[in-house]
Every structure is written in C-alpha cells, then in structure tokens.
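The values are calculated or read from the model by the stated rules, or taken from the named source; none is laboratory data. Just so you know, these numbers come straight off a predicted model, no measurement behind them. Neighbour counts are summed over all protein chains in view; Cβ atoms, including those assigned to glycine, are modelled from backbone coordinates with ideal geometry.
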Amino acid sequence: MRSKTNSGDSRTSKRNVVKIAFAHMYTLRNPRGIERFIISVANGLAKKGHDVTLITGRCMQPVTREWIDERVRVCEIYHYNWHKLSFIPGFMKAFLTTDYDIVNLAIARGEGYAAGLAHMLKKFRYNIVFQYPFEEHEKHFNAFKKFGTAKYADKLVAASTYIALGVERCFNRPAITIPNGVDPDLFHPDISRRVAMREKLKIPEKAPVIITVAALQGRKGIGKVLKIVSLLKKSLPDIRYIVCGDGNEKDRQTFFGEIKSMGLEANVLFMGNQKDVSGFYNAADLFVFFPEFEGFGIVAIEAMASELPVVVSQGSAFPEILSQGGGLMVEPSAPAFAAEEIRALLINPSRMKQLGKEGRDSVLKKYSWDAVASEFEHLFAQQLQS
C-alpha cells in the first residue's frame, strides 16, 4: 500500500493507494454477470485512484476488452485450450512475482487452486468473492477447500445474503455481503431509443413486450417463460418475447424446439449474446426471469435501472433485490397463475410505471457500481489495518 498526495486549492489530502488484483480465468472471454462484476468493480476502484490489475486468461478475441477502463492493467496468462488446471502455473507466477496488497479470487479450479498452492510458498492476502449459490455449485464451493484456499483466505465475500448463508454453511466461517451493481447512466429509461429499437426489431408500437437476459441453460428458466408466453398469447396475440443470451448447440435445439412446438415463431425474438443489452431493455415493457437458483441477478437490477418492472421467481436473492419495490415474485411452477399476474401488469400502465420508478430509485440508492466499489474500498482499508 502506497500513499498518494492530491493537491487542490490550498488544501492537500492524502489517501492510501491499494495495489489490488482480480484473478479470474474468463474475464476477457465471457460477457456474463461475473465478468461484468469483476470489470466494473475494477474500473470503479481504478477511478478512485487505486492500482488495479486483472489477471486473466490470454484471449485471442476478447469480447469484454472494451468494458475495461484504461487505468486498469490487464495481465494475460497462458493456458491450454481454456482447461482450468492449465491456468494454475500462470496464476501462481503472477501471485508469487508481484506484491499485491490484496488478491480477489472468483473460481476454485484455476485461480483458487493457484492461490492455495502459492500461499504455501509465499504468504499473501487474498479474498474469495462468491457470485453463485451453494445449492447450484456445491462442488465448486468444496473445491476451495483443496490446498487450504478457503482456510487461509483473509475474507470470504458474498454478493447477497442468500449466497452468504451457503458460504457460512460450507466453510463454517462468516461471509461479508457486498452486492453487485449496475451503471445507471448506461441503463436508464429512454423513450426515443425505445421507439428506434422497436422499429429496428419490427415490433408494433402497441405490442406488449417482455424480455429475459440470460443464458439458454435450463436452470435459467427461459423454457418456463415460453410456456407463460404461450398462455399470454391467447389474450395478447401481439405479445413479443425478447431473449438476449445464448448457449451450446443442445441448449439452442431445446430452445427453438420449444418455440416451434408452442407455435411462438412470430412472437419470440432471439438476439443471442449482446455486448450492450441496454437498448433491448428500453424496447421492452416488462422483465421476466425464472431461474432455479440465482446468486444475485445483475440482469434484474439492469432492468430496474431501466425502469422496467420485474417479475421473478420466488426465493434466491430476489427478496433482497426487491426489498424496496420494483417488481413481483411469482411461482413459475404454476404457469397459469404466473401468466395472469403478468397479464394484469401489462394491461395496467400506471402500476407498471409505479413499479418501474420504485426499481430505479432502489438501484440509485444501493446498486450503482460506484457504491459497490466504495464498499470494497472500505473492506480493503479495514483488512490492511488489521
């Protein structure tokens, strides 16, 4: 940790610059929630004047490079065809040859194993940041026990109270909760963009539009939403369903097979992976998301920041996210009931507007990336004082 002096007018202030690393194999490769979290927090800390490095796998076609602030260093390490274990030597070298004040880890079989092994050779301070729930990733949680990685971690950090409960159950030690965030300047309501995006997508002006931003994996619940769309189509024949996200070939076959079997070819707009989904939120009226387990749900607060009401499955982290309003929780295993709840919202513009405003207000108070970066900055300061 170094001291940095800032001069301005007749006053001089002194702040400690922390040398921080975020280690994750796929930061440049995948445009998912975990990568957006790592890059956004790194950017926020760099903007506050800290020395931040992303240690990640070398990527020939980096899809997230443009998200990274120019003040953030990127250390690309070698690997073999993205095999997790092949990352260990590169991560170990980075941990052993550079004196970071704090390293933050995301996944066990890669950076986690490397941290445990490197710690045997050189004591250094690292945290594990959990973005996923124990129920969905029990084997990944337990993998952090190998080589003493979890045992010697300075802090365990969870993106929600829901995740923290699983962390505490698995490792028998407390976890600190720091939520994910969103950029409210990127995700915001925009009427002109709504009109332009609907024209581009050939969506009628008055058509009700719902959206899901998620991978096509079964656990993300897109199949459940398709069933509800098929029910809504009976009373709302012009309904459109925008899906931003993708999966493997099997996922796609299942997805398109369900669309065909339900007769929804004219209602579903499949957009695949998108680097910027903000315009698609603007085109929609309602965000619907029915995952089996969701550690936090960045996409839900992106929608809330865009002043979209959200309808999500019960449980997971959603009670925390919706604690100050912004949407509804329903039981997707009862599709007729869920469809009626959604239909009642879509035909009630004043209720939709109220929920949308509640959601954006909640995001501005609790979930901006600047606020999240400040929480990490405070945590790191406490750690370095201990």
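Checked against the criterion of being surrounded by fewer than 16 Cβ atoms within 10 Å (Cβ to Cβ), over 26 Å from residue 253 (Cα atoms) and either free of Cβ contacts under 8 Å to residues at least 24 places away in the same chain or touching a Pro at 6+ places or on another chain (Cβ under 9 Å) (or both), the stretch 301-314 contains one or more residues that satisfy it. Just one of the listed residues (326, 315, 263, 297) is at positive phi and touching a Ser or Thr at 6+ places or on another chain (Cβ under 6 Å), namely 326. Looking only at the stretch 358-374, decide whether some residue is surrounded by fewer than 23 Cβ atoms within 10 Å (Cβ to Cβ), at pLDDT below 95 and of a type in the set (Lys, Arg). Yes, the stretch 358-374 has at least one match. Residues of the stretch 342-357 that are assigned to a helix (DSSP H, G or I), of a type in the set (A, V, I, L, M) and surrounded by fewer than 22 Cβ atoms within 10 Å (Cβ to Cβ): 344, 345, 346, 352. The selection criterion, being surrounded by 15 or more Cβ atoms within 10 Å (Cβ to Cβ) and free of Cβ contacts under 8 Å to residues at least 12 places away in the same chain, does not hold for residue 40. Of the listed requirements (1) part of a loop (DSSP other than H, G, I, E, B); (2) exposed (fewer than 14 other Cβ atoms within 10 Å of the Cβ); (3) modelled with pLDDT under 95; (4) not acidic (Asp, Glu), residue 5 misses just one: (1). Listed by first and then second residue, the pairs with beta-carbon distance under 8 Å, at least 6 apart or on different chains, first residue in the stretch 322-341 and under 14 Å from residue 230 (Cβ atoms) and at pLDDT 95 or above, second of a type in the set (Asp, Glu) and surrounded by fewer than 16 Cβ atoms within 10 Å (Cβ to Cβ), are 338/331. Considered as a group, the residues in the stretch 214-233 that are of a type in the set (A, V, I, L, M) and part of a helix (DSSP H, G or I) include one that is surrounded by the fewest Cβ atoms within 10 Å (Cβ to Cβ), and that residue is 231.
So that you can scan it fast, the table gives a plain yes or no per residue for (1) in contact (Cβ under 8 Å) with a residue 12 or more places away in the chain; (2) surrounded by fewer than 21 Cβ atoms within 10 Å (Cβ to Cβ); (3) assigned by TED's automatic domain parsing to the domain that holds residue 199; (4) not in a strand (DSSP E or B):
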| residue | (1), (2), (3), (4) |
| --- | --- |
| 235 | yes, yes, yes, yes |
| 246 | yes, yes, yes, yes |
| 252 | yes, yes, yes, yes |
| 257 | no, yes, yes, yes |
| 264 | yes, yes, yes, yes |
| 274 | yes, yes, yes, yes |
| 281 | yes, no, yes, yes |
| 288 | yes, no, yes, no |
| 291 | yes, no, yes, yes |
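Listed by first and then second residue, the pairs linking a residue in the stretch 109-126 that is more than 21 Å from residue 137 (Cα to Cα) to a residue that is aromatic (Phe, Trp, Tyr) and buried (at least 23 other Cβ atoms within 10 Å of the Cβ), with Cβ atoms under 7 Å apart and 6 or more places separating them unless they lie on different chains, are 118/95; 124/95.
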